Amino acid sequence: MEPPARAEAVLEAMAVRYACKLFDAERKVDDGTLRLILEAGRLSPSSFGLEPWLFVVAESAELKERLFTACFDQENLRTASFVVAIAVRTERHYAPDSPFVRSRAGRFPGGLPVFVQDYQGYWDYLRANGLVEHWARAQGYIALANMMTAAAAAGVDSCAIEGYREDEVRSVLGLDPQDWRVSVLVPFGYRGETEREKIRESLGSIVLLADNDRNDSRLLTSSQPIN
Ligand SMILES: Cc1cc2nc3c(=O)[nH]c(=O)nc-3n(C[C@H](O)[C@H](O)[C@H](O)COP(=O)(O)O)c2cc1C
């Protein structure tokens, strides 16, 4: 059976997306498209549905220049149309009795008591193992991926940016370190360079079929060329 056209469209967007290192600084992304990209972030799933993020949008030349410096002089920060810093809350916000968890949990059927029945054990585990902020930061990458794919579908280029000095980014964007960690940054715009070739392993080399009764030749022998 052929996959539905909309599934093909998602893969197509993923295939055309590439890490854009230099944008055309003269071209701006229009407001409707900017909003569509942010909407893809908003619709992203998060652990326990907590939506731990804040999408901080920087558009002015001054902010982009300062982010460029905070990101080890990566040109795509200052040539972008806009930059989104995906910030996530610090550890204290995720305690089961915190105002943040109360407010998020209150939206779900059964409210806080039902939510905490599920959440408490995992929270205790994360805390005991020093994993809370790692867990929170990981959520940001889901929004990142969805925003980049949505942007690509709209013909907008992007590049995930992990190379940044966190304190400096927070200070440029006015984020209080008591409350926020920076998960990842992503500049968006229209390319001002030639796109690079996509280099990926074949499915056969990165997928392990753990069930022996699966006919792996059907799934893995015809690896699709990308682009
Ligand atoms: C989480 C993450 C962080 C990244 N950080 C940077 C970065 O700081 N600077 C950069 O030039 N590229 C960065 N990249 C881009 C990757 O190098 C790039 O996605 C990878 O080489 C694959 O190439 P493609 O995206 O063009 O397919 C990052 C990518 C990801 C997913």
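No value in this document is a laboratory result; all are computed from the given coordinates. Bear in mind that the values here come from a model prediction, so they are computed numbers and not experimental data. As a convention, Cβ positions derive from the backbone with ideal geometry for all residues, glycine included, and neighbour counts pool all protein chains shown.
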*Are any residues in the range 60-110 of a type in the set (S, T, N, Q) and either in contact with a Pro (Cβ under 9 Å, 6 or more places away or on another chain) or surrounded by 21 or more Cβ atoms within 10 Å (Cβ to Cβ) (or both), and if so, which ones?*
Gln74, Asn76, Thr79, Ser81, Thr90
_helices (runs of 4 or more DSSP H) wholly inside the range 1-75 containing at least 1 residues that are acidic (Asp, Glu), within 30 Å of Asp118 (Cβ to Cβ) and in contact (Cβ under 8 Å) with a residue 40 or more places away in the chain_ = 31-42
*Mind listing whichever residues of the range 19-35 are more than 16 Å from the ligand (Cβ to nearest atom) and either touching a helix residue (DSSP H, G or I) at 6+ places or on another chain (Cβ under 6 Å) or under 18 Å from Gln74 (Cα atoms) (or both)?*
Asp24, Ala25, Glu26
*State which residue is farthest from the ligand (Cβ to nearest atom) when the search covers only the range 57-86 and only residues that are among the aromatic types (Phe, Trp, Tyr) and closer than 18 Å to Glu162 by Cβ.*
Phe68
*Give the range 155-168 a look and list any residue that's surrounded by 13 or more Cβ atoms within 10 Å (Cβ to Cβ) and within 12 Å of the ligand (Cβ to nearest atom), or say none.*
Asp157, Ser158, Cys159, Ala160, Ile161, Tyr164, Arg165
_Failed criterion for Gly130 (all others in (1) surrounded by 18 or more Cβ atoms within 10 Å (Cβ to Cβ); (2) part of a loop (DSSP other than H, G, I, E, B); (3) more than 15 Å from the ligand (Cβ to nearest atom) hold)_ = (1)
_I'd like the full set of residues that are surrounded by 13 or more Cβ atoms within 10 Å (Cβ to Cβ), within 14 Å of the ligand (Cβ to nearest atom) and among the hydroxyl-bearing types (Ser, Thr, Tyr), limited to the range 174-209._
Ser183
*If you go through the range 174-198 one residue at a time, how many are touching a residue at least 60 places away in the same chain (Cβ under 8 Å), more than 17 Å from the chain's Cα centre (by Cα) and within 21 Å of Val29 (Cα to Cα)?*
5
_I'd like the full set of residues that are in contact (Cβ under 8 Å) with a residue 60 or more places away in the chain and among the hydroxyl-bearing types (Ser, Thr, Tyr), limited to the range 110-156._
Tyr119, Tyr122, Thr149
